[in-house]
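Undergrad: What follows is a structure written as structure tokens; I'll ask about it next.
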Amino acid sequence: MTRRLSISLAILFAAWLPASSTMSASVACDADNGGLSLPPGFCAQVVAEDLGHARHLVVTRNDDVYVAIADRDGVTGGIAGLRDSTGDGRLNEQIRFGERGGTGIGLSDGHLYFGEDRRVIRYRLQNEHLGPEDDPEVIAYDFPQQDQHSARSLAFDNNGSLFVNAGAPSNNCQREDRQLGSPGLVPCPELTHGGGIWRFDATTRGQTQKDGQRYASGIRNAVAMAWNLREGHLYAMPHGRNLLGRNWPHLFDDQANAEQPSEELIRVTEGSHFGWPYCYHDPIRGQRVLAPEYGGDGSKVHNCDRYPPPEMAFPAHMAPNDLLFYRGSGFPEYFRGGAFIAFHGSRDRAPLEQRGYKVAFLPADEDGRLKTEEDWHVFADGFAGNKPPRTPDEARFRPMGLAQGPDGSLYISDSQQGRIWRVHYIGEEERRPPGLRRQAERLLDRFRRME
């Protein structure tokens, strides 16, 4: 019996191990990469599905995954805790907790932080179980109730600060929101409680929004936000304003509406202001111009040049919804320190085809500064389906959240169907069948017990 087990193990491990004979390189991936198109040497496995309106996600050191689930269609969201208890890569074990839905989620000092629409709470995690140890603590609250741009995305620096997005409650601070020809308010009162990023102490309980610091302003809605540890700065990618064509048809045709404004990558410093709602960035002119609500005609600059330019301008209306600085070693050196961006896809290019629905990558130099003078490229595609959608509802999947696993793999969440992919780098090696690693591990365990 022992000899038969030894032979079986030898066969299994010969098939399982890569040519370099390093077990860590063996991963489980789907034959079609879960529908994704990836660069050569990468593969993907669908590790969870049907989670609901999945938003941001995090991965713990022991590979547990926590996903923020938003309220949708009358179904209350919360947090989904997921675990692979069988060793095949699939997150087969699941729990749910939380009273309300949300978007932002983060890990800091043994706690799981969750950004609901009007507050940020945190749970102390247990070591052995997916569920939290006890009821949540309220860290920041009293954010305004608003019908749009209410996502509280989160970021942490390395000095105990928590950054919270407070999106603007309108498109562009008009007297009548999203209405034809309605002028903008001066000054914009929405900047008092929104249109910016607030900073809080990450461990102090019961802070109101007024207790926090308005760290940066003139930012319409920074759903994508992350701290670059290597460089020591906060970065964000706000959603650009909409409806240039519909609200100002005598100034902007369908093409101009579809191509403006830029989706901006901004480097956020304390006290900075990026111009919303008075100005927007025109990717064609490569500069900020005056918004039509404030007397602009598509070319007037006025005093918009006083606001800092973006680090990089991306095509309009792609809806950047998450930003991740890669710090792992599982991918090639080229990716170290660079930024992955999840473009959720927008609806404001109609009647033209929509854009987005992909994960992009921007490399960094050896000091951790993003190479914004170089062009970005698409890392993962295929989310939308076989043809560009005319509306977001036509897209099969919409990439939403990004997270890095302890082995350097990349997790991507989808808000359309609640799917999660895990992307690995495997080089040029032939893929191993998904169940082969688990079979080998079980045989090895049996063999050890018999010795």
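Readers should treat all values here as calculations from the given coordinates under stated rules, not as data from a laboratory. In this text the structure is predicted, and so the values were computed from the model without any measurement. Neighbour counts run over all protein chains shown; Cβ positions are idealised from the backbone, glycine included.
Undergrad: Quick check: Cα centre of the stretch 57-92 to Cα centre of the stretch 327-396, how many Å?
TA: Rounded to whole Å, the Cα centres lie 23 Å apart.
Undergrad: Using the Karplus curve 6.51 cos²θ - 1.76 cosθ + 1.60 with θ = phi - 60°, work out ³J(HN,Hα) for each residue of the stretch 279-288 in order, rounded to whole Hz, and write x for Gly and Pro.
TA: Once θ is set to phi - 60°, the couplings for the stretch 279-288 become 9, 9, 8, 8, x, 6, 7, x, 7, 7 Hz.
Undergrad: Among (1) 25.1; (2) 22.2; (3) 23.0, which is the computed Kirkwood radius over Cα pairs in Å?
TA: (3)
Undergrad: Another question about this same structure. Let me have the relative contact order for the chain, percent, based on Cα pairs under 8 Å that are six or more residues apart.
TA: Computed over the chain, the figure is 17 percent.
Undergrad: Also, I was wondering about something else. Among 346, 309, 260, flag the residue with its Cα farthest along the positive direction of the charge dipole of the chain, charges on Cβ as +1 for Lys/Arg and -1 for Asp/Glu.
TA: 346
Undergrad: What value, in deg cm²/dmol to 500, does the helix sum -39500 (n - 2.57) over DSSP H runs of n ≥ 4 give at 222 nm once divided by the residues of the chain?
TA: Roughly -2500 deg cm²/dmol at 222 nm, from the helical runs in the chain.
Undergrad: If you count, for each residue, the other Cβ atoms within 10 Å and average over each peptide, how do 269-275, 299-305, 286-292 line up from highest to lowest?
TA: Final packing ranking: 286-292, 269-275, 299-305.
Undergrad: Under the 0.36 nm per residue contour assumption, what length would be gained going from the current alpha-carbon distance of residue 76 and residue 203 to full extension?
TA: This chain segment gains 43.0 nm when fully extended.
Undergrad: Quick query: amide H of residue 120 versus all other amide H atoms, modeled in the peptide plane; which residues come in under 5 Å with a sequence gap of 5 or more or a different chain?
TA: Correct list: 139, 140, 141.
Undergrad: Please figure out what share of the DSSP beta bridges in the chain is antiparallel and state it in percent, rounded to the nearest 5.
TA: Antiparallel bridges make up about 95 percent of those DSSP assigns within the chain.
Undergrad: Lys/Arg Cβ at +1, Asp/Glu Cβ at -1, dipole of the stretch 27-431 taken about the Cα centre: which of 167, 368, 37 is farthest positive-ward?
TA: It is 167.
Undergrad: Select from 283, 299, 391 the residue farthest towards the positive end of the dipole of the stretch 27-431; place +1 on Cβ of Lys and Arg, -1 on Cβ of Asp and Glu, and compute about the Cα centre.
TA: My answer, from the dipole projection, is 299.
Undergrad: If you project the alpha carbons of the stretch 247-384 onto their three principal axes, what span does each projection cover, largest first, in Å?
TA: Principal extents (Cα only, largest first): 52, 37, 21 Å.
Undergrad: Can you give the FRET efficiency to the nearest 0.05 for residue 306 and residue 381, using r as the Cβ-Cβ distance and R₀ = 41 Å?
TA: 0.60
Undergrad: Give the aspartates and glutamates reachable from residue 387 as a straight Cα distance under 19 Å; neighbours fewer than 8 places away on the same chain don't count.
TA: Candidates past the 8-residue exclusion: 32, 348, 353, 414.
Undergrad: For 125, 362, which order do you get if you count the other beta carbons within 10 Å of each Cβ and list the fewest first?
TA: The most exposed by this proxy come first: 125, 362.
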